[in-house]
Amino acid sequence: MARKQASQGTPATAALAAAGVPFVAHPYSHDPAATSYGLEAAEVLGIDPARVFKTLMVDVDGRLSVGVVPVSGNLDLKAMAAALGGKKAAMADPAAAERRTGYVLGGISPLGQRQSSPTVVDDSALELDTILVSGGRRGLDIELKPAELIRLTAARTARIGTGGR
């Protein structure tokens, strides 16, 4: 896998480049009418949705956290809370998610966030050679080895996704 940064520079790609992590940038033309950014990326790029992961900001017992799950399924909030030793989880307020990460909704990457948060990656990622996550803007996904994503985000892995396996 070659490192590609080109003109796609975002805090996420900068973090990967600084860490010397190989990745492939997958830019695509984002349709502003699209309501599911991850499924749009999978479709436009012609990639199995089980390999494309969405980054979701979650409030676990009052603390913002990151859940990374395949776009082909959903986040199990109870499993997310349990993975972080919490009792209750809910989707984070969109404005709080944007402030915390420095990214806009639909472009939130688990990498290069303004302020890091506890991160859980669905364990289905471990079955894949590479996965795609948001590159830090709508219309850009980045492909990398799951182990590198887990290492760079200090993530835990757990079964937090539902469906799509």
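The values are calculated or read from the model by the stated rules, or taken from the named source; none is laboratory data. Everything numeric here is computed off the predicted structure, so don't read it as measured data. Reconstructed Cβ throughout: ideal geometry from the backbone, glycine too, with neighbour counts over all protein chains shown. Just so you know, the surface numbers come from the protein's heavy atoms only, side chains and all, with ligands and any DNA or RNA stripped out. Shrake-Rupley method; radii C 1.70, N 1.55, O 1.52, S 1.80 Å.
List of remarks:
- Entry remark, segment 9-39: residues being closer than 23 Å to Val120 by Cα, modelled with pLDDT of 85 or more and either of a type in the set (S, T, N, Q) or out of contact with any helix residue (DSSP H, G or I) (no Cβ under 7 Å at 6 or more places or on another chain) (or both) number 11 in total.
- Hey, Tyr28 open to solvent by 20 Å² or more (accessible area, probe 1.4 Å) and within 17 Å of the chain's Cα centre (by Cα) or not: yes
- Residue match in segment 38-60 (condition: outside any helix (DSSP H, G or I), over 17 Å from Gln115 (Cα atoms) and of a type in the set (Ser, Thr, Tyr)): no
- Positions within segment 5-25 being in contact with a strand residue (DSSP E or B) (Cβ under 8 Å, 6 or more places away or on another chain), part of a loop (DSSP other than H, G, I, E, B) and open to solvent by 50 Å² or more (accessible area, probe 1.4 Å), in sequence order: Gln5, Ala6, Pro22
- From the list Gly86, Gly107, Gly135, the lone residue that is part of a loop (DSSP other than H, G, I, E, B), open to solvent by less than 10 Å² (accessible area, probe 1.4 Å) and either on the phi > 0 side of the Ramachandran plot or not charged (D, E, K, R) (or both) is Gly107.
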